[in-house]
1. Give segment 317-353 a look and list any residue that's farther than 15 Å from residue 195 by Cβ and touching a Pro at 6+ places or on another chain (Cβ under 8 Å), or say none.
2. If residue 270 satisfies all but one of (1) closer than 23 Å to residue 97 by Cβ; (2) outside any helix (DSSP H, G or I); (3) within 16 Å of the ligand (Cβ to nearest atom), what's the number of the condition it fails?
3. Would you mind telling me which numbered condition in (1) within 16 Å of the ligand (Cβ to nearest atom); (2) surrounded by fewer than 23 Cβ atoms within 10 Å (Cβ to Cβ) residue 182 fails?
4. Looking only at segment 203-259, filter to residues that are on the phi > 0 side of the Ramachandran plot and within 16 Å of the ligand (Cβ to nearest atom); which one of those is surrounded by the fewest Cβ atoms within 10 Å (Cβ to Cβ)?
5. If residue 140 satisfies all but one of (1) modelled with pLDDT under 95; (2) part of a helix (DSSP H, G or I); (3) out of contact with any Gly (no Cβ under 8 Å at 6 or more places or on another chain), what's the number of the condition it fails?
6. Out of 7, 44, 20, 33, report the one residue that is touching a Phe, Trp or Tyr at 6+ places or on another chain (Cβ under 6 Å) and in a strand (DSSP E or B).
7. Every residue in segment 288-340 that is open to solvent by 40 Å² or more (accessible area, probe 1.4 Å) and of a type in the set (S, T, N, Q), please.
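The values are calculated or read from the model by the stated rules, or taken from the named source; none is laboratory data. Quick caveat, the model's predicted, so the values are computed rather than measured. Here Cβ is always computed from backbone atoms with ideal geometry, including for glycine, and neighbour counts include all displayed protein chains. All accessible areas refer to the heavy atoms of the entire protein, side chains included, with ligands and DNA or RNA removed. Shrake-Rupley method; radii C 1.70, N 1.55, O 1.52, S 1.80 Å.
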Amino acid sequence: MSGSRVLVLNSGSSSVKYQLLDMRDGGRLAVGLVERIGESGSRLKHSPADGESREWNGSVPDHDAALKAMAAELDRDGLGLGSPELAAIGHRVVHGGLRFTEPTVVDDAVLAEIERLIPVAPLHNPANLTGIRTAQALRPDLPQVAVFDTAFHTTMPESAARYAIDVETADAHRVRRYGFHGTSHAYVSRETARLLGRAPEDVNVIVLHLGNGASASAVRGGRCVDTSMGLTPLEGLVMGTRSGDTDPAVIFHLMRVGGMSADEIDTLLNKRSGLIGLCGDNDMREIRRRVDAGDERAGLAFDIYIHRLKKYIGAYYAVLGRVDAVAFTAGVGENSAPVREAAVAGLEGLGLAVDGGLNAVRGDGARLISPADARVAVAVVPTDEEMEIAAQTYALVNDSGNQNLT
Ligand code: ADP
């Protein structure tokens, strides 16, 4: 009988976020973050459930050192990686291409495939791989499970997943729409069904994941049928620093007329666009403060953000045909009442409305914010990607454990 704990690792290029969860009761035993790996002034923050948070500044030259620092902190709390209670390590992997439609126990072939996908996810997959390899070295005997951001979207029909470009060229370079934030869209669409007291198979949901990165998805009966991010997380909604949808010809124009290089435009569209490019701020709290103070640039940025969001709600309404709920999630979606109100304003004809009083109430759990008699439920549903990764990891290792017994 293996243990009931799962360690979830989210390895970025210069940071590692981790959570240790107990899957018997879903309790969070420890949460932490190592930042500025390989840079000056590395920092670790560790918060055990039973005790004070601890912070530590020092040198963390690479991911190996980061995971060892994490392991030392877990050890201090009696939650060390050597514990037989640890059943598996679940890794967030951003790009799983078309092959990985499910969480997958990592072996050499899986590592090779994640590596093969680096050209379509150059910022994320290398760091995810490093995280897996480092964790393997620390606990070679333990199952390592890869949970892919793209997996939930592999159910999209070809009509939604293909760009209308020459098929041979697209296929030769694996150019298609993959979608991201999949663990969040999966979790939130299921939790929305639960909030409505219905089975996920019976419910059509538009999920609006509005964080610093932002994406929308259309989920029919628990399966994703469209999502706003594409080949990369740049497509779709206006985000904190990313442009979302633009005419692709903007790029040629900036190259030919603006004299910019491909890399410069990549940086422009990913890091200097979206809300920060429009008004100099990417935090919705600050933008709303400026809007309320009459700042015109912040007002325009907010309006552009809302206009795009509203277009996607309308588009996914049409894709689904029947919508039971619209769910807001992530930093902005869970916390910004003005964004939620503005996004559905004027959509009464589609059966969408928010109740001002319910929308203004702050709360931790999933909740309805639409009027009692609304045709379509509007909900705030906090996302929990770590819990989803842990749950999928735990289910997979328990399943394979059971299969081994038979
Ligand atoms: P990510 O995981 O993409 O980094 P999050 O889902 O944590 O992002 O969302 C971060 C964003 O949420 C912030 O940039 C900020 O715009 C927004 N946010 C957080 N708290 C609030 C709040 N109380 N009101 C409005 N926006 C908020």
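1. The answer is 353, and nothing else.
2. Here residue 270 clears every test but (2).
3. Among (1) within 16 Å of the ligand (Cβ to nearest atom); (2) surrounded by fewer than 23 Cβ atoms within 10 Å (Cβ to Cβ), residue 182 violates only (2).
4. 244
5. Condition (2) is where residue 140 drops out.
6. Values: 7 fails: touching a Phe, Trp or Tyr at 6+ places or on another chain (Cβ under 6 Å); 20 fails: touching a Phe, Trp or Tyr at 6+ places or on another chain (Cβ under 6 Å); 33 fails: touching a Phe, Trp or Tyr at 6+ places or on another chain (Cβ under 6 Å).
Going through 7, 44, 20, 33 in turn, just one is touching a Phe, Trp or Tyr at 6+ places or on another chain (Cβ under 6 Å) and in a strand (DSSP E or B): 44.
7. If the condition is that a residue be open to solvent by 40 Å² or more (accessible area, probe 1.4 Å) and of a type in the set (S, T, N, Q), then 335 is the only one that fits.
Here is a yes/no grid of residues against (1) closer than 26 Å to residue 119 by Cα; (2) surrounded by 15 or more Cβ atoms within 10 Å (Cβ to Cβ); (3) in contact (Cβ under 8 Å) with a residue 12 or more places away in the chain:
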position: 4; (1), (2), (3): no, yes, yes
position: 27; (1), (2), (3): no, no, yes
position: 31; (1), (2), (3): no, yes, yes
position: 81; (1), (2), (3): no, yes, yes
position: 104; (1), (2), (3): yes, yes, yes
